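The values are calculated or read from the model by the stated rules, or taken from the named source; none is laboratory data. Just so it is clear, the model here is predicted, and its values are computed rather than measured. Positions of Cβ are backbone-derived with ideal geometry, glycine not excepted, and every protein chain shown enters the neighbour counts.
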Amino acid sequence: MKQFGFRIADSDSRIDPPSAPPAGDTIDLSRLLSAARRQRKVVFVSMGAALCLGLVYLATTPKTYVSGATVLLAGQMSRNLDQVGSLETNAVSDNALESAQQVIRSQAVALSVVQMLNLDQNESFLSPPSSLLAQVMGSVRVAIRAPIQLLTPAAPETEAGPPPTEEEIQARRQELVAQALQQRVQVQRVGRSSVFGIGYSSHDPALAAAIANAYSEAYVADLLNANYEATERTTEWLQQRLEELQTASREAAVAAEVFRAENGLVSSRGALITEENVAQLNGDLADAVTETARAGALMRTYEAILARGAEAFLDNSGTGFTLQGNERLIEMQDQLSALNARLERIERDFGEDHPQAVRLREQVTELSNQLFSELRRLLEEARGAFDVAQAQVTALRDSLGLAVDVNSEAGQKQVQLKALEQRADTLTTLHQTFLTRFQEIDQQKTFPISNVRILSPADVPRDAAGPSTSRVLALMLVLGALAGSGIGVLREWRDRFLRTTEDVQIDTGQRFLGYLPTFESATSAPQVTRQSRTAALKLTAPVPGMPVIRQPIYALQNLRSHYAETLRNIRFASEVSLAGKSQIVIGVTSIRPAEGKSSVALNLAGVIAASGHSVLLIDTDPRNPGLSRRLGLSRGVGLVEAALGKSDWTKALRVISDTGVHVLPCITPGSMTHSSELLGSKGMRQLMAAARARYSHIILDLAPLGPVVDARVALPLVDQVIMVAEWGKTPKALLRETLMNETVLQEKMLGVVLNKVDMEALREYVPVSSGEQYYEEYGDYISSRT
């Protein structure tokens with residue numbers, strides 16, 4: 001059985017102690033708390049909406065008043081019937097109590113209440129005010145039933161009968177009102193007692209009390225009528241039965257005396273003389289039959305043993321019989337078993353030809369023959385005993401037959417006489433019992449009593465029982481919290497995107513490079529001018545007349561920002577992983593478009609160039625050159641012309657002012673349908689070889705992965721790949737499956753960086769003990785700006 005446990009993360013969940021249970025078998029409470037913090041707004045909104053609904057319900061729901069009466073069931077439901085049936089008990093069974101509840105809810109009692117209070121004419125009962133919720137639910141039911149009724153075939157028309165009379169209409173109206181009353185009355189047993197509470201709720205307090213009292217009175221009256229009717233029926237039945245019993249008892253006594261006189265069955269002890277002889281012979285015959293059966297069984301046992309022959313005692317199965325009571329046979333059987341065991345042991349140890357084995361085998365054979373002879377002698381004795389027992393049984397049967405013949409006629413008459421006498425006695429006793437009960441019931445007939453009494457009548461309630469403001473609001477708060485929690489759970493379940501360090505490390509198995517917060521880029525378009533080589537500051541290998549791009553780089557404008565710090569961390573990780581290599585080609589890509597890879601590549605190039613390295617930034621996405629568009633490069637030669645050999649690649653370079661970053665744009669005048677062939681061409685490889693010889697760092701802005709093959713074709717050109725994933729937008733499964741299917745990508749993967757991160761919202765997705773919760777404490781190192 002798989003065991004689950006709770007683990008409270010007191011440290012970074014990425015650093016589990018060796019004894020910690022596997023991640024799949026634990027529930028991190030810190031994660032649950034983080035999820036609760038993230039979804040608290042949803043829960044609060046749901047609770048607020050539920051409270052508003054509760055207030056609307058309270059404002060639109062009429063007050064309800066509840067009134068109740070109590071009745072006591074203190075004995076049998078029908079005392080007279082219980083006395084007739086000889087069921088004397090003072091306890092009320094659960095079945096009786098359940099029956100009493102069904103009687104209170106019955107249509108007969110409801111009709112009595114309707115007639116007593118004229119509820120079929122009471123507008124307060126017939127047309128009670130309804131709440132807004134009830135009206136809405138009624139409208140919904142009508143809307144649901146309407147199409148069902150249209151699709152349901154109409155019932156066949158029948159011949160109309162005579163119109164109902166006023167009495168029939170009134171009776172039907174009362175039945176409908178009684179049915180409605182049955183559904184709304186409340187009958188409940190009080191604890192384990194025999195007391196019932198009869199309650200009714202209505203918007204009219206006086207009506208609620210009147211109906212509860214009418215129900216209790218109608219129930220008591222119904223029991224009184226039921227007892228009286230049962231007593232009347234019982235009296236009529238007893239009177240008729242007494243007359244029949246009296247006549248039958250008299251006739252049975254006369255018949256017994258006549259039979260005795262006609263057959264001379266008179267004896268001082270009440271029995272015939274031959275009866276004792278018959279009884280004695282029956283006992284002897286039973287003993288003889290038993291002895292015959294025993295002798296026959298013993299004889300058949302001997303015959304079964306001897307039927308196998310003397311050789312049967314030489315094997316193991318032949319020595320397994322036992323004969324209780326014959327000590328000689330038992331002794332011989334034990335000797336034979338011992339010799340067989342000894343013979344088997346010697347044959348197993350020394351072989352079948354051993355002299356001792358031969359001698360033992362002869363002894364076994366001799367002892368088996370002796371045993372066979374002894375059994376044959378015992379069989380003859382058993383046969384003789386069986387014949388003697390059979391002869392004795394035959395003689396006893398003949399004697400019994402003679403005795404029975406002598407006494408058969410007198411015995412039959414004696415049996416008939418006893419039957420007549422017993423019938424006469426039974427009828428006389430039954431007649432006396434019924435006569436006594438009849439006299440008791442006849443005396444109590446005019447005083448019918450009921451075992452039910454009203455303990456407390458219903459009073460007119462002063463305070464409304466509902467709806468309770470506190471209960472409704474509390475219930476709506478709970479329902480709102482549950483609904484909000486359900487929505488929150490659904491949102492958490494649907495949130496399958498990369499957000500935290502653990503998401504990258506655990507779900508994708510890649511190194512996490514850091515968070516890149518969201519920032520607002522400059523709204524003005526960059527300007528491209530041509531200046532002399534002295535216009536660019538600190539350009540490595542300057543090219544005379546290189547165009548300058550006036551495009552501000554965010555990371556360089558905000559050197560103490562978290563954004564710049566993350567890019568410096570990426571630069572450091574790249575240099576450490578490729579220690580000793582002077583020329584590094586870094587590819588920047590993403591899984592989906594519009595995840596910010598071009599912006600990351602541009603800022604990373606600025607950060608690396610600011611550290612004193614020569615940097616070339618190449619836009620290698622011919623189909624969608626986002627980096628070139630971002631830099632405002634839409635005219636001139638670029639990567640396509642350089643790779644095809646139509647132009648010198650150094651003449652297509654631009655430089656970003658005040659950064660030292662050289663840019664090789666990708667300017668495609670039309671749709672680029674053969675971009676993958678271009679990136680994998682010989683010209684592209686020659687271009688990269690020449691660039692490696694000139695720059696220490698080359699950054700390629702690759703096309704997104706996925707169905708586009710351009711980035712895969714360019715992978716052999718790079719040393720490292722940086723995967724840019726948009727925070728809260730990139731699915732974990734998509735990134736994981738893409739990496740699993742690309743072996744080359746896995747080998748060259750430097751890590752994953754999360755872009756467009758909401759740093760305030762990030763704290764809601766990480767455990768309390770994680771490092772992300774303490775970013776604010778590094779104010780002296782990192783600017784408060786992103």
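Any residue in the stretch 228-235 that is closer than 23 Å to residue 453 by Cα and under 51 Å from the mean Cα position of the chain (by Cα)? Within the stretch 228-235 (the criterion being closer than 23 Å to residue 453 by Cα and under 51 Å from the mean Cα position of the chain (by Cα)), the answer is no, since none of the residues qualifies.
Provide a single number: the residues in the stretch 758-786 that are in a loop (DSSP other than H, G, I, E, B) and either at pLDDT 80 or above or of a type in the set (Lys, Arg) (or both). Residues in the stretch 758-786 being in a loop (DSSP other than H, G, I, E, B) and either at pLDDT 80 or above or of a type in the set (Lys, Arg) (or both): 3 in total.
Conditions (1) at pLDDT below 85; (2) at positive phi; (3) within 37 Å of the chain's Cα centre (by Cα); (4) assigned to a loop (DSSP other than H, G, I, E, B), marked per residue:
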residue: 81; (1), (2), (3), (4): yes, no, no, no
residue: 102; (1), (2), (3), (4): no, no, yes, no
residue: 109; (1), (2), (3), (4): no, no, no, no
residue: 135; (1), (2), (3), (4): yes, no, yes, no
residue: 150; (1), (2), (3), (4): yes, no, no, no
residue: 157; (1), (2), (3), (4): yes, no, no, yes
residue: 160; (1), (2), (3), (4): yes, no, no, yes
residue: 169; (1), (2), (3), (4): no, no, no, no
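Out of 188, 240, I need the residue that is part of a strand (DSSP E or B) and surrounded by fewer than 18 Cβ atoms within 10 Å (Cβ to Cβ). Which one? I'd like the intermediate steps shown before the answer.
Values: 240 fails: part of a strand (DSSP E or B).
On inspection, the qualifying residue turns out to be 188.
Any residue in the stretch 321-333 that is at pLDDT below 80, more than 29 Å from residue 291 (Cα to Cα) and part of a helix (DSSP H, G or I)? It would help to see each step written out before you state the result.
Step one: list which residues in the stretch 321-333 are at pLDDT below 80, which gives 321-333.
This time we only want the ones that are more than 29 Å from residue 291 (Cα to Cα), so: none.
No, the stretch 321-333 has no match at all.
When you look at residue 705, is it aliphatic (A, V, I, L, M), surrounded by 23 or more Cβ atoms within 10 Å (Cβ to Cβ) and part of a loop (DSSP other than H, G, I, E, B), yes or no? It is true that residue 705 is aliphatic (A, V, I, L, M), surrounded by 23 or more Cβ atoms within 10 Å (Cβ to Cβ) and part of a loop (DSSP other than H, G, I, E, B).
Taking every residue in the stretch 222-250 that is touching a residue at least 12 places away in the same chain (Cβ under 8 Å) and pairing it with any residue that is of a type in the set (Phe, Trp, Tyr) and in a helix (DSSP H, G or I), at least 6 positions away or on another chain, the pairs with Cβ-Cβ distances below 7 Å are 238/434; 238/438; 239/438; 241/434; 242/434; 242/438; 245/434. The set of residues in the stretch 738-757 that are on the phi < 0 side of the Ramachandran plot, part of a strand (DSSP E or B) and not polar (S, T, N, Q) comprises 749, 750, 752, 753, 754, 757.
For residue 73, the conditions (1) at pLDDT below 85; (2) in contact with a helix residue (DSSP H, G or I) (Cβ under 7 Å, 6 or more places away or on another chain); (3) farther than 20 Å from residue 458 by Cβ all hold with the exception of (3). Restricting attention to the stretch 577-584, does a residue exist that is closer than 28 Å to residue 707 by Cα and modelled with pLDDT of 90 or more? Yes, there is a match, as at least one residue in the stretch 577-584 is closer than 28 Å to residue 707 by Cα and modelled with pLDDT of 90 or more. A search for C-beta distances below 9 Å between a residue of the stretch 120-134 that is farther than 25 Å from residue 56 by Cβ and any residue that is polar (S, T, N, Q), counting only pairs 6+ apart in sequence or on different chains, returns 120/170; 120/174; 124/202; 125/202.
Checked against the criteria, residue 734 counts as in contact (Cβ under 8 Å) with a residue 40 or more places away in the chain and out of contact with any helix residue (DSSP H, G or I) (no Cβ under 9 Å at 6 or more places or on another chain).
Would you confirm, using the coordinates I've provided, whether residue 213 is within 60 Å of the chain's Cα centre (by Cα), without any contact (Cβ under 8 Å) to a residue 12 or more places away in the chain and closer than 19 Å to residue 103 by Cα? In short, no.
Which helices (runs of 4 or more DSSP H) does the stretch 583-669 wholly contain that include 1 or more residues that are under 23 Å from residue 745 (Cβ atoms) and of a type in the set (Lys, Arg)? Steps first, please.
Working: elements: 597-610, 626-630, 639-643.
Those helices (runs of 4 or more DSSP H) span 597-610.
Within the stretch 624-651, track down each residue that is touching an Asp or Glu at 6+ places or on another chain (Cβ under 8 Å) and closer than 25 Å to residue 593 by Cβ.
Filtering the stretch 624-651 for residues touching an Asp or Glu at 6+ places or on another chain (Cβ under 8 Å) gives 625-628, 638-639, 642, 647.
Within the stretch 624-651, 625, 626, 627, 628, 638, 639, 642 meet the criteria.
Residues in the stretch 567-581 that are within 19 Å of residue 610 (Cα to Cα) and without any contact (Cβ under 8 Å) to a residue 12 or more places away in the chain: 3 in all.
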